[in-house]
Every structure is written in structure tokens, then in C-alpha cells.
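Trainee: Structure incoming, see below.
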Amino acid sequence: MKILSLWSGPRNVSTALMYSFAQRPDTKVVDEPLYAHYLFRTNANHPGEQEVLNNMENDGTKVLNQLQKLRTDHSIVFLKNMGHHWIDLDERLLDNMEHVFLIRDPKEMLPSLINQLKDPVLRDTGLKVQKDLYDILTKRGKSAPVIDAKLLLTDPQNVLQKACNALNIPFYPEMLKWEKGPRTEDGVWAKYWYHRVHQSEGFTPYEDKKEPFPKHLEPLLEECEPYYKFLYQKAIKI
């Protein structure tokens, strides 16, 4: 069994990518298994936080060790993880997984994030931890493809084919379409975050943002940009 961990940030079309992988006949998906661990360690103020803590294992080391023993008929287990959920964990836990990163331009991500988190800080974006994780994996001799959300939405088939090649797994055309509505794998937080993806039947074509960037987010944007630019240089291009 291959465990494939996605390291994303919020509002990066990560749930759409999870739904995409759920269409594969060889893959079981798991939605944000480290979310309760993150909330427990940080006391972050998130929508429905107590419900998440009550419904999930709060110890991330236990979670990742349990996933190694997961019994499934599928040959791939796809974990949709948020980068910032990696906190106070032993890097050796990364060794028995393959990894892929999903990033999004913070100019587009931050105005969306404030719909759920009114006053986000750098930690909430996941970008710094994504960069740190990329460096850790490189140091440990592991390669990890990087997917940029804009490029994924612009040409999903091309980007997914290249990502699958990099991960040494087959591409399935079924990954491009899914049925509207929630999935049984959705976390208990879906009612706060997943409204748009539940209306989708595939990757929504990319459209430029027309609204001006919120002025109060400019300092956070400046913090985010170096991490995004570093990872974008590594991203699969079309």
C-alpha cells in the first residue's frame, strides 16, 4: 500500500483534488487526518473547532501510525493534509509516505481565506510550513511534485498526468469529473468550508480575480510571497 500525502494550504482547491483522487479505482481518500492534532496543539480559533476535536484523534503521531496499519482493498491511500497541520511531529514519520504539494498565489488565496478566518496570520496559510516540509523532504532524499492551483484549473488533465507520472502512478481520465454533492469521506468541518466544491462536477475553469486586493491583507501578502515564489519555481508547468 502506498500512502500519498498532499500538503496544501486552505482555499487551494485541495478538496477538489481530493475528490479527483477519490475517482481512481485504486485509491482511498482521507480528509485532513491531522486537523484535530493541529487544533489541539495551537488552540487556533476555527469554525467548528470543538466538533473537530471531539470527533477525531487529537494525537498526530497516533494518527499517522494508525494510517500505516490501515486495512483497505485499495493500493493507494491519499491523505489530504494542510501544511500547517504538521506541527510538533517527528520528521521520520514522513519517510513511509510519498508526498505532493498544492500551492496557490496568496493574492488569490487570502481574499478567500478571510471568509472563514477573519484575521488570518502566516501560520493559517500553511505556506511557510509547506516550504519547510519541502526542504525537510529534500534533505531526507525524497522528491515531491508541486502543483499550482491556477495551473491545475487552467489545464487539469495535463497537470494531473504530469503529477501522476512524477508519483509513479497511472493517470485515470475519471479524475477529471465527479458527482455534485458531499462525499462520505468529508470531515465534520465540511459545512463551514466545502460549499463551492459540493456544487462542482469537476475542476472549475480558472478565472482572474476582478475585485481589488484588500488593503488590510497587504502585510500578510508580503510575508507569504517569498514562500509561494520558492514553491512556484518547483511547480509542474503547462
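The values are calculated or read from the model by the stated rules, or taken from the named source; none is laboratory data. Everything numeric in this text was worked out from a predicted model, so none of it was measured. A quick note on method: Cβ atoms are made from the backbone with ideal geometry, for glycine too, and the neighbour counts reach across all protein chains shown.
Trainee: Kindly list, by first and then second residue, each pair from a residue in the stretch 43-72 that is charged (D, E, K, R) and assigned to a helix (DSSP H, G or I) to a residue that is exposed (fewer than 12 other Cβ atoms within 10 Å of the Cβ) and at pLDDT below 95, limited to pairs with Cβ atoms under 9 Å and residues at least 6 apart or on different chains.
Mentor: That search, which allows pairs on different chains as well, returns GLU49/ASN43.
Trainee: Another question about this same structure. For the stretch 156-174, check the following and say yes or no: at least one residue is over 27 Å from THR42 (Cα atoms), surrounded by fewer than 20 Cβ atoms within 10 Å (Cβ to Cβ), of a type in the set (Ser, Thr, Tyr) and modelled with pLDDT of 95 or more.
Mentor: Taking every residue of the stretch 156-174 in turn, at least one turns out to be over 27 Å from THR42 (Cα atoms), surrounded by fewer than 20 Cβ atoms within 10 Å (Cβ to Cβ), of a type in the set (Ser, Thr, Tyr) and modelled with pLDDT of 95 or more.
Trainee: Does THR27 qualify as being hydroxyl-bearing (Ser, Thr, Tyr), out of contact with any Cys (no Cβ under 6 Å at 6 or more places or on another chain) and surrounded by fewer than 19 Cβ atoms within 10 Å (Cβ to Cβ)?
Mentor: Spelling it out, it is not the case that THR27 is hydroxyl-bearing (Ser, Thr, Tyr), out of contact with any Cys (no Cβ under 6 Å at 6 or more places or on another chain) and surrounded by fewer than 19 Cβ atoms within 10 Å (Cβ to Cβ).
Trainee: Here are some residues: LEU102, LEU110, LEU93. Which one is crowded, with 16+ Cβ neighbours inside 10 Å, on the phi < 0 side of the Ramachandran plot, free of Cβ contacts under 8 Å to residues at least 40 places away in the same chain and touching a Leu at 6+ places or on another chain (Cβ under 7 Å)?
Mentor: LEU93
Trainee: Considering every residue within the stretch 59-72, establish whether at least one is closer than 24 Å to ARG196 by Cα and either within 18 Å of the chain's Cα centre (by Cα) or surrounded by 20 or more Cβ atoms within 10 Å (Cβ to Cβ) (or both).
Mentor: Within the stretch 59-72, none of the residues are closer than 24 Å to ARG196 by Cα and either within 18 Å of the chain's Cα centre (by Cα) or surrounded by 20 or more Cβ atoms within 10 Å (Cβ to Cβ) (or both).
Trainee: Follow-up. Can you tell me which residues in the stretch 129-154 are surrounded by fewer than 17 Cβ atoms within 10 Å (Cβ to Cβ), of a type in the set (D, E, K, R) and either assigned to a loop (DSSP other than H, G, I, E, B) or in contact (Cβ under 8 Å) with a residue 60 or more places away in the chain (or both)?
Mentor: ARG140, LYS142
Trainee: Check whether at least one residue in the stretch 216-225 is crowded, with 16+ Cβ neighbours inside 10 Å and within 18 Å of the chain's Cα centre (by Cα), and report yes or no.
Mentor: Scanning the stretch 216-225 turns up at least one residue that is crowded, with 16+ Cβ neighbours inside 10 Å and within 18 Å of the chain's Cα centre (by Cα).
Trainee: GLU201: surrounded by fewer than 13 Cβ atoms within 10 Å (Cβ to Cβ), modelled with pLDDT of 95 or more and closer than 20 Å to THR27 by Cβ, yes or no?
Mentor: Judged against the criteria, GLU201 is a match.
Trainee: I'm trying to understand the selection: among the residues of the stretch 168-214, which are touching a Gly at 6+ places or on another chain (Cβ under 6 Å) and within 16 Å of SER20 (Cβ to Cβ)?
Mentor: Those that are touching a Gly at 6+ places or on another chain (Cβ under 6 Å) and within 16 Å of SER20 (Cβ to Cβ): LEU176, LYS177, HIS198.
Trainee: Between a residue in the stretch 169-197 that is touching a residue at least 12 places away in the same chain (Cβ under 8 Å) and under 16 Å from LYS28 (Cα atoms) and any residue that is surrounded by 17 or more Cβ atoms within 10 Å (Cβ to Cβ) and of a type in the set (Phe, Trp, Tyr), which pairs come within a Cβ distance under 8 Å, given they are 6 or more apart or on different chains?
Mentor: Every condition considered, the pairs that remain are MET175/PHE21; TRP178/TYR19; PRO182/TYR194; ARG183/TYR19; ASP186/TYR194; GLY187/TYR35.
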